Amino acid sequence: MGGKTETALIGVDALSYRYPAARARALDEVSFEVERGAVLGLVGPNGSGKTTLCRLLLGLMRPQGGRVTVGGVEPAVYRRSHGVGYLPEQVKLPGNVQVGEFAVLMARLAGLRRREVPGAVDRLMATLAIAEKVGVPISALSHGYRQRVGLLAALLGQPELLLLDEPANGLDPSSVGILRSVIRGLKRVGRTVIISSHNLLELERVCDAVLILRQGRVLGRSLRDELTSRSEIWVVQLCRQDDVIPALDLGPLAAKLGGVGLAADEVAFADEADARAFVRRIETAGGRVEMIERRPCDLEYLYHSLVQSDGEEANR
């Protein structure tokens, strides 16, 4: 990747990092850009480098190879001068402090003037539906409310850049809905958001683009427009209780016909004829197919197809 474009807030060029005791790189010459006001999703298996990338973007670690800039400067410089909202995967909050007291403290640390603090805190508490918890000690909160308080702290000061590492991890549907609304609101006012998540459905709903990582490398990048313009897929759902199914060695059979495994009992095909051929092979061997249906092509299919192709390439 060349130099950062004028519309990009973040520029990552051949970024590499290896932890001291690790045999392989956590990040291996990763390159991408993020435009101002965009919402980018980071997705990949555990150990793919998502959290390491977030820490490098925050300036908490320095690259061992390549370069990363935020706003044209090093991440640590940008964070000190502009502030960056950060919600880590494991939110650690002081348990003996009430929610309201913690919010006021974080507002002051975010640089808000004393007279600005009450209004800013009240607005965010209403947005995140935690106003009722203002006098409750943080130690008494559920996981979902703790995540909301952590998100409140990240949003105070209205930072231009927010990094959210697995923000929906363990959240109930109500909290996930609030998170989704907050991200859309940030996009409307031109904030730049990077979300690391395993929740492909949520990423597809809120992100403008998704970066797919595996073993520290970029497998692909998908824009929302590209996903919606892709062809439909055909999904075959198998009856896994049949003894004959495991004996068929489904992985190679599906791959030979261009199939992509979505789950232990689901295989997707880009072409209907290949899907029908797969069904015939299963039924000829004495297995049963629960159903075959046509679905829109989505991020789940793209993710699994890229990871599968990369695994096959590595095994050659």
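The values are calculated or read from the model by the stated rules, or taken from the named source; none is laboratory data. Only a predicted model underlies this, so the values are computations on that prediction, with no experimental measurement involved. Cβ atoms come from the backbone with ideal geometry, glycine included; neighbour counts cover every protein chain shown. These area figures cover heavy atoms from the full protein model, side chains too; ligands, DNA and RNA do not enter into them. Shrake-Rupley method; radii C 1.70, N 1.55, O 1.52, S 1.80 Å.
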(message) With the structure loaded, tell me whether Ala168 is open to solvent by less than 30 Å² (accessible area, probe 1.4 Å), part of a helix (DSSP H, G or I), of a type outside the set (D, E, K, R) and on the phi < 0 side of the Ramachandran plot or whether it fails that test.
(response) no
(request) Looking only at segment 31-84, count how many residues are in contact with a helix residue (DSSP H, G or I) (Cβ under 9 Å, 6 or more places away or on another chain), in a loop (DSSP other than H, G, I, E, B) and under 13 Å from Asp165 (Cα atoms). (result) 1
(request) Please determine, by comparing only the residues of segment 275-316 that are under 16 Å from Leu219 (Cβ atoms), open to solvent by less than 40 Å² (accessible area, probe 1.4 Å) and among the hydrophobic types (A, V, I, L, M, F, W, C), which one is modelled with the lowest pLDDT. (result) Val307
(request) Can you tell me which residue among Leu128, Leu161, Leu151 is open to solvent by less than 50 Å² (accessible area, probe 1.4 Å) and at pLDDT 95 or above? (result) Leu161
(message) Quick check on my filter: what residues within segment 171-185 are of a type in the set (Gly, Ala, Ser) and open to solvent by 30 Å² or more (accessible area, probe 1.4 Å)?
(response) Ser174, Ser181
(request) Would you please name the residue that is farthest from the chain's Cα centre (by Cα), looking only at residues in segment 171-212 that are polar (S, T, N, Q) and not in a loop (DSSP other than H, G, I, E, B)? (result) Ser174
(message) It is to be established whether one or more residues within segment 129-146 are touching a residue at least 24 places away in the same chain (Cβ under 8 Å), of a type in the set (S, T, N, Q) and out of contact with any strand residue (DSSP E or B) (no Cβ under 8 Å at 6 or more places or on another chain).
(response) yes
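Here's the yes/no breakdown for (1) among the polar types (S, T, N, Q); (2) touching a residue at least 60 places away in the same chain (Cβ under 8 Å); (3) crowded, with 18+ Cβ neighbours inside 10 Å:
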| position | (1), (2), (3) |
| --- | --- |
| Leu15 | no, no, yes |
| Arg25 | no, yes, yes |
| Val77 | no, no, no |
| Gln98 | yes, no, no |
| Gly111 | no, no, no |
(request) Output the residue which, of all residues in segment 1-18 that are more than 11 Å from Gly66 (Cβ to Cβ) and within 22 Å of the chain's Cα centre (by Cα), is modelled with the lowest pLDDT. (result) Ala8
(request) Could you check Ser139 against (1) open to solvent by less than 40 Å² (accessible area, probe 1.4 Å); (2) modelled with pLDDT of 90 or more; (3) in contact with a Pro (Cβ under 9 Å, 6 or more places away or on another chain); (4) assigned to a helix (DSSP H, G or I) and say which number it fails? (result) (1)
(message) If a residue must be buried (at least 20 other Cβ atoms within 10 Å of the Cβ) and either farther than 17 Å from Val34 by Cα or β-branched (Val, Ile, Thr) (or both), how many such residues does segment 186-196 contain?
(response) 4
(message) Return the residues of segment 265-277 that are assigned to a helix (DSSP H, G or I) and touching a strand residue (DSSP E or B) at 6+ places or on another chain (Cβ under 6 Å); say none if nothing qualifies.
(response) Glu272, Ala275
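Results for (1) of a type outside the set (Phe, Trp, Tyr); (2) more than 27 Å from Arg184 (Cβ to Cβ); (3) open to solvent by less than 30 Å² (accessible area, probe 1.4 Å), shown as yes or no for each residue.
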{"position": "Glu29", "(1), (2), (3)": "yes, yes, no"}
{"position": "Val34", "(1), (2), (3)": "yes, no, yes"}
{"position": "Gly47", "(1), (2), (3)": "yes, yes, no"}
{"position": "Thr51", "(1), (2), (3)": "yes, no, no"}
{"position": "Gly66", "(1), (2), (3)": "yes, yes, no"}
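Residues checked against (1) in contact with an Asp or Glu (Cβ under 7 Å, 6 or more places away or on another chain); (2) among the small types (Gly, Ala, Ser):
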| site | (1), (2) |
| --- | --- |
| Gly71 | no, yes |
| Arg80 | no, no |
| Leu87 | yes, no |
| Asn96 | no, no |
| Ala103 | no, yes |
| Met106 | no, no |
| Glu116 | no, no |
(message) Take the conditions touching a helix residue (DSSP H, G or I) at 6+ places or on another chain (Cβ under 8 Å), charged (D, E, K, R) and over 30 Å from Leu15 (Cβ atoms) and apply them to Arg114. Does it pass?
(response) yes
